[in-house]
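Single-structure report; data block below.
The values are calculated or read from the model by the stated rules, or taken from the named source; none is laboratory data. Computed from a prediction, not measured in an experiment: that's the story for all the values here. Using ideal geometry, Cβ is built from the backbone for each residue, glycine included, and neighbour counts are taken over all protein chains shown.
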Amino acid sequence: MHKTDVIVIGGGLVGMSIAYGLAVLGRKVTVLDEGDDALRAARGNFGLLWVQGKGYKNSPYARWTRQSVALWPAFNALLEMDTGIDLHLRQPGGFQLCMSDDELAEETRRLAWLQDAFDGDYPFEVLDPAQLKSRIPGIGPEVVGACYSPMDGHVNPLKLLRALYAGCTLRGVKIVNGVTVDAIDQNANGFEIRAAEQRLGAEHLVLAAGLGNRPLGAMLGMEVPVRPNRGQILVTERLQPFLHYPTTYVRQTDEGTVQLGDSLESVGFDDRTSSAVMSEIAARAVACFPRLGQVRMVRAWGALRVLSADGYPIYEAAHDSPGAFVVTCHSGVTLAAAHALRLAPWIAGEADAPGIRPFNLARFKGQAEVRYAH
């Protein structure tokens, strides 16, 4: 049997961020990754480091998101020092573009609530069309205004995943690909994972397999309420730089391509693209930036986000299976820094993380009332 300190099941952004953080702390880690036929959320990530608007009426989530984005420069520096990979981290602030007066009013109301929850320490601006055009000259006339926050940014998500794999490898993490977990057994020494002919043992276990956390949790007697939500992304040919800020609908990458997205579809486990949704995404992008009407699309894909029953992360230290943890979220890029630098020490038992207490499984079972302090 292969034995290690911690087994992390899931080789996406969430699992690899935690594995990297544990390795930095000196833990011996093995990551089990299902393979290319898995439902991979990481491949559909838009690459935003987004604070603006997150945690409306849930201030613990707003704080956790904001803390993670604030940790990103240190996280980026650590990864680059280990691997030499430039993640193209940019934190110039971001724009929520609004296509109607009602949309702008609603976004403003949400940000005002968050600003009040932070006792005024939540910077944002509401921009009319003229003000917006002075910041982003190529904006289209159909955009009625925008909300801007200096807290937002973006990064190359594929280079992030590559850097996490490289960083983990350099720090001694054993990564086992093409593994489907058949059973999880608990014993006096921790956990035994059975996967085909393989047997792996560890004192601690982290379930970070996205949508796979539901069946994996059931192996430990836990109900993990996660569900898929499809997002589709279009990518243009490379263009000369014109968009120096991330927006929720359109983002120009460090390579010059432009990503278009932000669809939300409840279609079960169907990760295919659809022409109707792609048409809507393209039309909205052209309305935001008319110059995109004359460019070629070179790629399109669909991917399944991982959403909990209430949309917020799940961070669970299993009471009935001491040493087992469940980690699920739909913001794997934004929260990567917090997962590596705050959640990993909590899993390792080296630090408390009071900010994550509202995100345990008890909130779904009525075992404890979750109060969100403002």
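Couple of notes before you dig in:
- Selection within region 221-254 - under 14 Å from residue 284 (Cα atoms) and in a loop (DSSP other than H, G, I, E, B): 248, 249
- Enumeration of residues in region 73-89 that are small (Gly, Ala, Ser) and under 16 Å from residue 154 (Cβ atoms): none
- Hits in region 287-340 - residues which are surrounded by 22 or more Cβ atoms within 10 Å (Cβ to Cβ) and free of Cβ contacts under 8 Å to residues at least 60 places away in the same chain: 292, 315
- Taken together, the residues in region 146-180 that are surrounded by 18 or more Cβ atoms within 10 Å (Cβ to Cβ), more than 30 Å from residue 244 (Cβ to Cβ) and at pLDDT below 95 amount to 1.
- Counting only strands (runs of 3 or more DSSP E) that sit wholly inside region 275-354, those with at least 3 residues that are at pLDDT 95 or above are 314-317, 324-328.
- For region 206-215, a residue qualifies if it is under 10 Å from residue 32 (Cβ atoms) and either assigned to a helix (DSSP H, G or I) or among the charged types (D, E, K, R) (or both), but none of them does.
- Out of 199, 238, sole residue that is over 26 Å from the mean Cα position of the chain (by Cα), surrounded by fewer than 16 Cβ atoms within 10 Å (Cβ to Cβ) and either touching a residue at least 60 places away in the same chain (Cβ under 8 Å) or not assigned by TED's automatic domain parsing to the domain that holds residue 361 (or both): 199
- Identification of helices (runs of 4 or more DSSP H) wholly contained in region 49-163 with 2 or more residues that are over 30 Å from residue 18 (Cβ atoms), of a type outside the set (Val, Ile, Thr) and out of contact with any helix residue (DSSP H, G or I) (no Cβ under 8 Å at 6 or more places or on another chain) yields 101-117, 129-135.
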